[in-house]
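Structure first, then comments.
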Amino acid sequence: MNKFLKKKKEVKKELKVVEIAPPSQESLRVLNEFHACWASLEEVRRKARRSFMYAYGDQWGDLIKDPDTGAVITEGALIKKNGKVPLKNNMIAPILNNIDGQLRSMQTKTVCVVRDQKETKVGEMMSVAIDYVHDINELDELDANTLKGALISGFTPQRIEFGENAALGNRRDVWVYQTNPNRMFFNSNLEDVRMWDVKCIGEIMDVSLDDVIKAFAHSPEDKEKIRSIYGDVGDGVTIRDGLQGDENKNINFLTSAREGLCRVIFGWRQEVRDSWFYHDRLRGVYGYLDYTAENEKLIEKMNADRRREAASMGIPEDEVLEIEYGYENEKYWKYYYLAPTGHILQSGRSPYWHREHNYVLGVPIFVWGQLLNYVEQFIDQQRSINRTATLIDFIRGTSSKGVLVVDDEAFEGMSREEVVDEYVRYNGVLFVKLKPGQNISNVVQQYNSGASVAGDFELLNLQLKLINEISGVNSAMQGQAPKAGTPAALYAYQAQNSSLNLKGIFDSFKAFRKRRDTKIMKTIQQFYTDAKYIDLAGKDYSEEAKRYNPKLVQNADIDLTITDGANTPAYQMLANDFLMELFRAQAIDVKMLLENTSYPFATKILEGIKRKEQEMQQMQQGAPIEGVPTTTLMMRAMDDANAGPDDGVIRAA
């Protein structure tokens, strides 16, 4: 959890921050609004928990009524009660793993583009900075986990902050945090897939009392206030099974899901206030001011000064560019840190230059205002597979397998136990007295049932095929071996076309990442106030772009796009071939080739060439070469001077 500190900025004025305050009518109203938003998403959370259960949990965990007792039990418990084994064949987890693997194989990168082509280096500089933030946040791994959660829950939340990260030695930088969908809340009357109609968003947090004190206590009095709000919460030690996700099953809005932790409700809401809207055409700026008489007098004084200055210069009054202003309602984002009791731990207007909340919300499947999760659409097919497998197992378990039928009167002088022992004994002998016209098969017969209902295996195979078709992840995409006689071109065509079923999900997630990286870029522009050298771009950018200059970046108008990465094997092979063609045509020299190629040994060879050139330059200047005795250098120079064309010295390449 990160709180917003009071920070002095060169461009923006310092924002007012409301410190710890007792419950008020306003704070309780805001708390109730956050609670209402959280409660409205209960059906979304219920579906997400059920989808998670079928993807990675107990697929027989749906609750039903016991027909004998009326008690509510799981389907698996009822099957066991009836003497069956609840079998499951999880076909959902491999589908999610396949999608996860495809995302990881899509190597993309974020590229910043400036509006003014003269400032191209500024765009490259910001691209390097974003690559740096991606690297320290391990966003490749975070995005893969976020998409997998989105396929289960239906939406993808992340939070961008600037501050200290205790997990990395209190390092101050731009951080991206993954948010648990079970803890998120936002207004549920959304219809725009881009989430432009979000008016309220936040999450419920469980943190230790020490962390709450560290974040919000600015004096000993604040520390005592926080202790009185939360009381004795314990030491946070729990004896329950950990890392099993039990806290997500019955999570509550006001009370902590874990023992010894304090509940903090962090939320944003869009508010409206009376204000003066001004437009200064002389300086080309506009904005809002507090709706006060002092601000109105200030604007009128500035206009009067401009008219007076223009009159002294002989400029007509009607040609003076004055500040236009008027009454208008301003919409702005305000954040709240609330305790469950209604106490305001901290609140204030958005401290970010982008003037928005610091969350990014994406919805892969969103139609007509309905949030859908990917896993839910083939849960019924998974249930049919499990039921069919359990039915086949039950039939086989209750069918006859090697049942022996014996004529009791055919074995004279032997008891039933002796007949059984002799039958199963190795090299056993039974003496049978057959009646006239009686066959041995009428005396001793072993029976084996067909052990299956006609067409049950065909039904199971059909269901397995259907779930792959419904999910869009077929055998070609999974890399399974094709049937005998399938042409290679046809199989490659099937694998290529199969990816079209998931293109919508990947494009939606790409749009989410673009919105996320845009907020990262704006956060970098605001909080990266010191120059730094970022050497993470490799050979993709110039040396100048690696030197981050905040004075050039902060006021630049930068757009952002996500393109295919240049570090894929296919791209590197194409680039290396192109460079070799230029080298053969003598359009570039060997140094330029090695500086731009992606061969693993290129850097080592390039360093050797530069070191050799430096030695030759020192020899020409008569300076000693480091590590080589002077006498040896003189003898080498004399030998080179007296060398002839037959002495093995290469005169020309």
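The values are calculated or read from the model by the stated rules, or taken from the named source; none is laboratory data. Please read these numbers as outputs of a predicted model, since none were measured by experiment. We place every Cβ from the backbone using ideal geometry, glycine too, and count neighbours over all the protein chains shown. Areas reflect the complete protein model, heavy atoms only, side chains present, ligands, DNA and RNA absent. Shrake-Rupley method; radii C 1.70, N 1.55, O 1.52, S 1.80 Å.
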- Residue by residue through region 354-365, which ³J(HN,Hα) values in whole Hz follow from phi under the Karplus form 6.51 cos²θ - 1.76 cosθ + 1.60 (θ = phi - 60°), with glycine and proline marked x? 6, 6, 10, 6, 9, 9, 10, 10, x, 10, x, 10
- When the Cα atoms of region 19-73 are enclosed in a convex hull and the volume is divided per residue, what value in Å³ results? 158 Å³
- Non-local amide H neighbours of THR108 (under 5 Å, H modeled in plane, Pro and chain starts lacking H): which ones? GLY565
- Item | For GLU422, solvent-accessible area (1.4 Å; no DNA, RNA or ligand), Å² | 40 Å²
- Query: If one puts a single equal scatterer on every Cα of region 310-357 and applies the Debye formula without solvent, what log₁₀ I(q)/I(0) results at q = 0.18, 0.26, 0.28 Å⁻¹?
  - Reply: -0.74, -0.98, -1.02
- Task: Skip the ligands, DNA and RNA, and give the accessible area per residue of region 238-296 with a 1.4 Å probe, whole Å².
- Result: 62 Å²
- Item | Estimated vicinal HN-Hα couplings, Hz - region 57-63 in sequence order (Karplus 6.51, -1.76, 1.60; Gly, Pro = x) | x, 8, 6, 9, x, 5, 8
- Message: Here is the link list: LYS109/LYS604; LYS121/LYS514; LYS249/LYS510. Which ones come out longer than 25 Å on Cα distance?
- Response: LYS109/LYS604; LYS249/LYS510
- Message: Skipping prolines and chain starts, which residues have an amide H placed within reach, meaning under 5 Å, of the one on LEU87, given they are 5 or more residues away or on another chain?
- Response: THR390
- Task: Mind grabbing the accessible area of CYS200 for me, 1.4 Å probe, Å², rounded to tens?
- Result: 0 Å²
- Query: Sorted by accessible area with a 1.4 angstrom probe, largest first, how do ARG308, ARG159, ARG227 fall?
  - Reply: ARG308, ARG227, ARG159
- Item | Mean Cβ count within 10 Å, highest first, over the residues of peptides 610-620, 160-170, 346-356 | 346-356, 160-170, 610-620
- Task: Run down the aspartates and glutamates and flag those whose C-alpha is under 15 Å from the C-alpha of LYS433, throwing out any fewer than 8 positions away in its chain.
- Result: ASP407, ASP408, GLU409, GLU412
- Task: For region 329-337, just list the computed ³J(HN,Hα) in residue order, Karplus coefficients 6.51, -1.76 and 1.60, θ = phi - 60°, integers in Hz, with x standing in for Gly and Pro.
- Result: 8, 9, 9, 8, 9, 10, 9, 9, 10
- Task: Quick one: which residues, 5 or more positions from ILE365 or on another chain, have an amide H under 5 Å from its amide H? H modelled 1.01 Å from N in the peptide plane, none for Pro or chain starts.
- Result: LEU372
- Note on the structure: Inter-part gap, Cα centre of region 363-429 to Cα centre of region 175-217, in whole angstrom, is 50 Å
- Task: For region 54-153, compute Rh as the Kirkwood radius over C-alpha pairs and then the Stokes-Einstein diffusion coefficient at 20 °C and 1.002 mPa s; write the answer in µm²/s, rounded to an integer.
- Result: 119 µm²/s
